[in-house]
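The structure under discussion appears below in the form of structure tokens.
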Amino acid sequence: MPVLYGGRAVDLTPIRGHLAGRGIQIVEDAAHAFGSRYPNGTMVGADPAVLTCFSHDPIKNLTTGQGGTIVPRTREEAAALRSLRLFGIVQSKDARASLTSYEVQGPGMRFDMSQLNAAIGLAQLERFPQTAAVRQHLWCTYQAELAGLDGIRLVDVDVAKTVPFNCVVLLKRHRDNIFLHLREHDIGFAVHYPPNHSQVAFSAWRRDLPVTGQVAGRILGLPFHPSMTHDSVRYTVAALADAIKATS
Ligand SMILES: Cc1ncc(COP(=O)(O)O)c(C=O)c1O
């Protein structure tokens, strides 16, 4: 089964045995993928061989305002994560309310989610089926409106299996002037993402990735939010077409 890395599926099947043999755990970055399925139809997060992490920041499919979820595979893993997220303490906050002491079992951090954030997430979770359907519908609306527009190619998604987190197009030429033009007109286009291999943090391992370098300058994220309407999609697509003309 493919594993998500930065939201894209990578098939690690050929090296899974090797990784397991060396005691290496696979941690799956499913930041964008809440509610989506792998190509074989299994829900993301249900692969028993990987530790899946979802992000719930404000623009993600399921938001808690800030925070995320790790899907443990065993009770032991769940207990270890609970303890790691709060100073290495074994007892839950609830249990500690009726205790005069607690046990610190090992190292831990202050990574627990606030109750306020969790309450936002629970309310969002209740309406998630509607949110998912709206996101899929919005993406299909963009797909229909963008069809046939010269110089704009939609970056494809299997929308039947995906709850889209964003909607990205690939332009024929460099996008920066187009982006600036749109921002000047107060339309919230964005870039997801600058390529990792060009980041200072990775300079020690830097090598040329010509295709990535070329595509990175031509991608553009369209405004994408479940409260958008068909009219706002039409407006956005028309503005993009105008910006391409105005800057060519
Ligand atoms: C691909 C990817 N991985 C991880 C993260 C980090 O998520 P968080 O900010 O919730 O830790 C993000 C955030 O946008 C992301 O886009």
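The values are calculated or read from the model by the stated rules, or taken from the named source; none is laboratory data. All values derive from a computational prediction rather than experimental measurement. Ideal geometry is used to build each Cβ from the backbone, glycine not excepted, and the neighbour counts take in all protein chains shown. Side chains are part of the model used for accessible areas, which takes the heavy atoms of the whole protein and leaves out ligands, DNA and RNA. Shrake-Rupley method; radii C 1.70, N 1.55, O 1.52, S 1.80 Å.
Numbers at a glance
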{"item": "Which numbered condition residue 132 misses (of (1) closer than 24 Å to residue 63 by Cα; (2) modelled with pLDDT under 95)", "result": "(2)"}
{"item": "Residue check, residue 41 more than 13 Å from the ligand (Cβ to nearest atom), open to solvent by less than 40 Å² (accessible area, probe 1.4 Å), modelled with pLDDT under 95 and small (Gly, Ala, Ser)", "result": "yes"}
{"item": "Single condition residue 38 does not satisfy, out of (1) under 25 Å from the mean Cα position of the chain (by Cα); (2) over 18 Å from residue 128 (Cβ atoms); (3) without any contact (Cβ under 8 Å) to a residue 60 or more places away in the chain", "result": "(3)"}
{"item": "Selection count, segment 64-78, where residues are at negative phi and either outside the structural domain of residue 30 (by TED's automatic domain parsing) or more than 10 Å from the ligand (Cβ to nearest atom) (or both)", "result": "9"}
{"item": "Filter pass, residue 207 being over 24 Å from the mean Cα position of the chain (by Cα), among the basic types (Lys, Arg) and more than 19 Å from residue 151 (Cβ to Cβ)", "result": "yes"}
{"item": "Residue in segment 84-95 that is in contact (Cβ under 8 Å) with a residue 24 or more places away in the chain, within 30 Å of residue 218 (Cα to Cα) and more than 19 Å from the chain's Cα centre (by Cα) present", "result": "no"}
{"item": "Filter pass, residue 48 being over 19 Å from residue 121 (Cα atoms), surrounded by fewer than 16 Cβ atoms within 10 Å (Cβ to Cβ) and within 25 Å of the chain's Cα centre (by Cα)", "result": "yes"}
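Conditions tested, residue by residue: (1) touching a strand residue (DSSP E or B) at 6+ places or on another chain (Cβ under 6 Å); (2) at pLDDT 95 or above.
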{"site": "3", "(1), (2)": "yes, no"}
{"site": "15", "(1), (2)": "no, no"}
{"site": "23", "(1), (2)": "no, no"}
{"site": "50", "(1), (2)": "yes, no"}
{"site": "54", "(1), (2)": "yes, yes"}
{"site": "68", "(1), (2)": "yes, yes"}
{"site": "77", "(1), (2)": "no, no"}
{"site": "92", "(1), (2)": "no, no"}
